[in-house]
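Q: Got a structure for you, written out below as structure tokens; questions coming shortly.
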């Protein structure tokens, strides 16, 4: 028995048929003594089986690709075209619960090779010419977290200098403790600027710009 129910598979097939344009890859990076790696790979494989433009690959933390992408933790799930986006749209921990929908929306955006933001936000995004890493600490039962995750991933799709990284706080408690995560979504940008909440794009980008300005 799989992880995705038949009625959900039917719905997802319809969404993929309507929206997918180019090939997209779900890369799952696994490691030793990893409680959720098997589940992450199984879910990714089930999703990939729903449409011929979606491809699943399993890699290991420590292999050449994980080193290229700068990945250290397992499981990490990357949604990519293997070229332009590299490993910049990623989930550290299992994208389950509400975050499953984030992964599906990422697949569609990456396949379309674009994401939607306002012209005002896009103009600010295009000014960023230095590496920015946005980490979003979440839990599977947080209904507000997907918005914060998706915002970072949309920004990453539109600007090659930005990486959006969901972190499942309960799977990586030592990481959450480091940043004193008490509620989610808790966002950390470049290990410097922090805020809590699922803000609209117009407010979210201001925190990104704040982190960018500190690098200048």
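Q: Out of curiosity, is residue 91 surrounded by 19 or more Cβ atoms within 10 Å (Cβ to Cβ) and within 27 Å of residue 189 (Cα to Cα)?
A: Details: surrounded by 19 or more Cβ atoms within 10 Å (Cβ to Cβ): yes; within 27 Å of residue 189 (Cα to Cα): yes.
When the stated conditions are applied, residue 91 passes them.
Q: Filter the range 198-216 for residues that are surrounded by 14 or more Cβ atoms within 10 Å (Cβ to Cβ) and closer than 17 Å to residue 184 by Cα and give the result.
A: Hits for the range 198-216 are 198, 199, 204, 207.
Q: Go through the range 31-57 residue by residue and tally those that are over 13 Å from residue 108 (Cβ atoms) and out of contact with any strand residue (DSSP E or B) (no Cβ under 6 Å at 6 or more places or on another chain). Lay out the reasoning, then the answer.
A: Residues of the range 31-57 over 13 Å from residue 108 (Cβ atoms): 31-46, 48-49, 52, 55-57.
Keeping just the survivors that are out of contact with any strand residue (DSSP E or B) (no Cβ under 6 Å at 6 or more places or on another chain) gives 31-36, 38-39, 42-43, 46, 49, 52.
Residues that pass the stated criteria total 13.
Q: Condition first: in a strand (DSSP E or B), surrounded by fewer than 23 Cβ atoms within 10 Å (Cβ to Cβ) and modelled with pLDDT of 95 or more. Can you find one or more residues in the range 133-140 that meet it? So that I can check it myself, show each step before the final result.
A: Just the residues of the range 133-140 that are in a strand (DSSP E or B), to begin with: 133-138.
Those left that are additionally surrounded by fewer than 23 Cβ atoms within 10 Å (Cβ to Cβ): 133, 135.
Filter once more, so that each one left must be modelled with pLDDT of 95 or more: 133, 135.
Yes - at least one qualifying residue is present in the range 133-140.
Q: Can you tell me how many residues within the range 173-197 are surrounded by 16 or more Cβ atoms within 10 Å (Cβ to Cβ) and farther than 21 Å from residue 156 by Cα?
A: 4
Q: For the range 146-216, give me every one of the strands (runs of 3 or more DSSP E) that falls completely inside it and has 1 or more residues that are without any contact (Cβ under 8 Å) to a residue 40 or more places away in the chain. So that I can check it myself, show each step before the final result.
A: Details: elements: 162-168, 186-189, 193-196.
Fully inside the range 146-216 and qualifying: 193-196.
The values are calculated or read from the model by the stated rules, or taken from the named source; none is laboratory data. In this text the structure is predicted, and so the values were computed from the model without any measurement. Quick reminder, even Gly has a Cβ in these numbers, built from the backbone with ideal geometry, and neighbours come from all protein chains shown.
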